[in-house]
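The values are calculated or read from the model by the stated rules, or taken from the named source; none is laboratory data. Quantities reported herein were computed from a predicted structural model and do not represent experimental measurements. Every residue, glycine among them, receives a Cβ derived from its backbone with ideal geometry; neighbour counts consider all protein chains shown. The protein model used for the area step is the full one, side chains on, heavy atoms only, and it has no ligands, DNA or RNA in it. Shrake-Rupley method; radii C 1.70, N 1.55, O 1.52, S 1.80 Å.
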Amino acid sequence: MIKKKKKQDSIIDSSLKRKYKLQAKNVKVWYGDFLAIKGVSMDIKPNKITAFIGPSGCGKSTFLRLFNRMNDYVDSFRMEGEINIDGDNIYDKDINVELLRKQVGMVFQKPNPFPKSIYENVAYGLKIQGIKDKKFLQERVEESLKQVGLWNEVEDDLNKSALALSGGQQQRLCIARTLAVEPSIILMDEPTSALDPISTAKIEDLIYQLKEKYTIVIVTHNMQQASRISDSTAFFYMGDLIEYDKTNKLFTNPEKEQTENYITGRFG
Amino acid sequence: MNNIRKNRIKDQAFKYWGIACTLLGLVLLAIFIGNILIDGIMRIDWDFIVNLPSRKAERSGIYTALMGSIWVLLLTTLIALPVGIAAAIYLEEYNKKNKLSTILEVNISNLAGVPSVIYGLLGLEVFVRIMEMGSSVLAGSFTLALLILPIVIVSTREALKAVPKSVRDASFAMGASKWQTVYHQLLPASFGGILTGVILALSRAVGETAPLIVIGALAYVPFAPSSAMDEFSVLPIQIFNWITRPQHGFVENAAAAIIILLLITFVMNGIAVYFRNKWQKKFK
Ligand SMILES: Nc1ncnc2c1ncn2[C@@H]1O[C@H](COP(=O)(O)OP(=O)(O)OP(=O)(O)O)[C@@H](O)[C@H]1O
Ligand SMILES: [Mg+2]
């Protein structure tokens, strides 16, 4: 899908590689001289929710942003190892980063709608792909807003500025914007940490529903959130992946003492 | 006397000193404007605007100089705007930070401080002589465009910088290319700021005299320019010319022309302030 060449046959061989949606193979990341990810390998299955937890600065965001190559914009960023999506190494030379990002959506910590109308926000991803068909755009906008449960709230205000929405609405709009381009993977970096409890609950419900169609990776500082919604959880500490297991197992019966200390709040 | 009180007295003292300084500037400006108004306001009428220059003060008008200024302003905008904005986009969004780029940036800031006469000399050599434009509106506009280019670049970069990083992140994460991000997100979001900078730069250009005198703009032109290759005068040169005349009538003319020039710059600055305020609200 994301390779410039061989568009056709990637559909064929992808079915063979379907077991893992995302794979990290011995990944190391540096910012300048600082080793931020110290050799992490991880396999993520499709249509699952995977949570990344760990203390601040342990490299969760850095690791997450590897999957849509958002670290590329950091001048001092350097990496080693492989990140595979459907079996393709996305750091290969012939990867088209723009196509990659259409397949791998991202939701940020702070809701960041564009300073444009609600409609323009959701239609943006399609428009930059060159889609001009008004009817199609309108349908996709409506569908996406319905998916995040925002349609009823904004139906009559599609041309109003997205910045006028509440924080929770903005975040759901950002998710809708991502869904509009029909990615297969959604990365979320603390998507509810800037929101009130009610908005948080709404978004958690939404994420839970989305896993039917999408593979979701979510960074969170909220242990309850991780245990409520995720299938697997990865615990990071100082650039290392300490433990990665079924969420249930990791929270009730962790293998490592560090994990136990962290999830019980006896850290440091 | 304890420290808190000392600090409060200092604080108060500084406040009044600040007020005094601000007032000094304002009072001087008010005296200047008042003087000019007394000298010139009675002289302004429609004839003064549409009359050609003449040897007789009371029959002279600013038509040719005003048209010259408008021509120069438009052409300068056409030249400086695309070049300046493109350069700013390159420096701000595309250029990787390294030694070369730092040197480039420092020098652009330095260029903003070069005396305008120097730009005149550059214009005279490059545009008037080497490129054989003569002392035309075009040569003048290129010269002024060079003069304001650093201001346009610096202020456009400031406006781009003011667009939150989260907007870039969001756009890139949606699969937008760099150019799409610039075109669809950054330029619209920074439009007000860019416009403010451009207008302020142009209002400086409209008051420039020295570089245009150097490239050979005339103090007396019988006709308004009808093409970019025509000779021309501009308001500040006309004013300068009138002020140096001994007859009282011309001094009155100069004052009247100054009022018109001030009006133009005030209006331009007003527009700039309007856009700045409108634009500042955008991200709040
Ligand atoms: N752009 C950057 N330049 C240099 N160092 C960075 C950069 N981004 C992150 N780092 C460093 O890399 C390490 C990991 O950062 P990262 O943001 O991935 O942590 P995190 O686990 O997401 O933390 P948080 O929970 O606070 O979001 C930190 O030590 C951080 O200081
Ligand atoms: Mg983080």
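3J(HN,Hα) couplings calculated from phi for the stretch A:230-242 with the Karplus curve 6.51 cos²θ - 1.76 cosθ + 1.60 (θ = phi - 60°) are, in sequence order, 8, 8, 10, 10, 10, 9, 9, 8, 6, x, 10, 7, 7 Hz; Gly and Pro show x.
In chain B, the longest principal axis of the Cα atoms and the axis of helix B:99-111 are about 30 degrees apart. Taking all protein chains as they are arranged and a probe of 1.4 Å, the heavy atoms of A:MET238 leave approximately 110 Å² accessible to solvent. Each of B:LEU23, A:LEU22 has its accessible area taken with a 1.4 Å probe; listed largest first, they run B:LEU23, A:LEU22.
Each listed q (0.12, 0.13 Å⁻¹) maps to a log10 I(q)/I(0) for chain A, found by the Debye formula over equal Cα scatterers with no solvent: -0.75, -0.88. Protection proxy ranking, highest mean first, for peptides B:62-73, A:127-138: B:62-73, A:127-138, where packing is the per-residue count of other beta-carbon atoms within 10 Å, averaged. Sequentially through the stretch B:140-156, phi angles give Karplus couplings (6.51, -1.76, 1.60; θ = phi - 60°) of x, 5, 4, 4, 5, 4, 4, 4, 8, 3, x, 5, 4, 4, 4, 6, 5 Hz, Gly and Pro residues having no value and appearing as x.
Here is the size of the stretch B:2-43 from its Cα atoms: Rg then Dmax, 18.1, 62 Å. Within the straight-line cut-off of under 14 Å between alpha carbons, the aspartates and glutamates reachable from A:LYS127 are A:GLU98, A:GLU139, A:GLU182, sequence neighbours fewer than 8 places apart in one chain being disregarded. With 32 Å as the limit, the listed pairs A:LYS160/B:LYS178; A:LYS60/B:LYS278; A:LYS25/A:LYS211; A:LYS202/B:LYS97; A:LYS102/A:LYS256 have A:LYS60/B:LYS278; A:LYS202/B:LYS97; A:LYS102/A:LYS256 beyond it between alpha carbons.
Computed from Cα positions, the angle between helix B:3-40 and the longest principal axis of chain B comes to roughly 30 degrees. Rolling a 1.4 angstrom probe over the stretch B:1-135 with all protein chains present gives an accessible area of which 69% lies on carbon and sulfur atoms.
Residue by residue, the stretch B:210-227 carries 3J(HN,Hα) couplings of 3, x, 6, 4, 4, 7, x, 4, 9, 7, 10, 10, x, 10, 6, x, 10, 8 Hz when phi is fed to the Karplus relation 6.51 cos²θ - 1.76 cosθ + 1.60 (θ = phi - 60°); x denotes Gly or Pro. Helices that extend 18 Å or more along their long axis by alpha-carbon positions and average at least -1.0 on the Kyte-Doolittle scale are, among the DSSP H runs of chain A, A:167-180, A:197-210. Here the simple spin-label model places points 7 Å from the Cα toward Cβ, and for A:TYR73 and B:ASN277 these points are separated by 3.3 nm. Amide hydrogen proximity for A:GLY81: with H placed 1.01 Å from N in the peptide plane, the residues at 5 or more positions away or on another chain lying under 5 Å are A:LYS28. All Cα-Cα distances of the protein assembly as shown, cut into 20 Å bins from zero to the largest, leave 17, 37, 27, 16, 3, 0 percent in each bin in turn. Once the Cα-Cα distance is subtracted from the 0.36 nm per residue extended length, the A:LYS134 to A:GLN109 segment shows a gain of 5.9 nm. Angle of helix B:248-280 to the longest C-alpha principal axis of chain B, folded into 0 to 90 degrees and rounded to 10: 20°.
Here the mean projected area of the convex hull built on the C-alpha positions of chain B is 21.5 nm².
Can you tally the net charge around B:HIS248? Count Lys and Arg as +1, Asp and Glu as -1, for every other residue whose Cβ sits under 12 Å from the Cβ of B:HIS248. For residues surrounding B:HIS248, the net value is -1.
Computed with the Debye formula from one identical point scatterer per Cα of the stretch B:128-284, without solvent, the log10 of I(q)/I(0) at q = 0.10, 0.17 Å⁻¹ comes to -0.52, -1.01. The listed residues B:PHE127, B:PHE142 rank as B:PHE142, B:PHE127 when sorted by accessible area, largest first, using a 1.4 Å probe.
Which one of B:ALA20, B:VAL154, B:ILE9 has its Cα pushed farthest toward the positive end of the charge dipole of chain B, where Lys and Arg give +1 and Asp and Glu give -1 at the Cβ? It is B:ILE9, whose Cα lies furthest towards the positive end.
Considering only alpha-carbon pairs that sit under 8 angstrom and 6 or more positions apart, the relative contact order computed for the stretch B:48-283 is 28 percent. Taken per residue, the accessible surface of chain A reaches 46 Å², heavy atoms only and a 1.4 Å probe. Average accessible surface for chain B: 53 Å² per residue, computed with a 1.4 Å probe over protein heavy atoms with every protein chain in place. Taking 7 Å steps out from each Cα toward its Cβ at B:MET131 and A:PHE34 produces label points 4.8 nm apart. Modelled spin labels at B:ALA112 and B:ASP45, positioned 7 Å past Cα toward Cβ, are 4.5 nm from each other. Between A:HIS221 and A:GLU155, the C-beta separation translates, for a Förster distance of 30 Å, into a calculated FRET efficiency of about 0.35. From the square roots a ≥ b ≥ c of the eigenvalues of the alpha-carbon gyration tensor of the stretch B:218-284, which class results: rounded (a/c under 1.5), prolate (a/b over b/c), or oblate? It is oblate, given that a/c is not under 1.5 and a/b is not larger than b/c.
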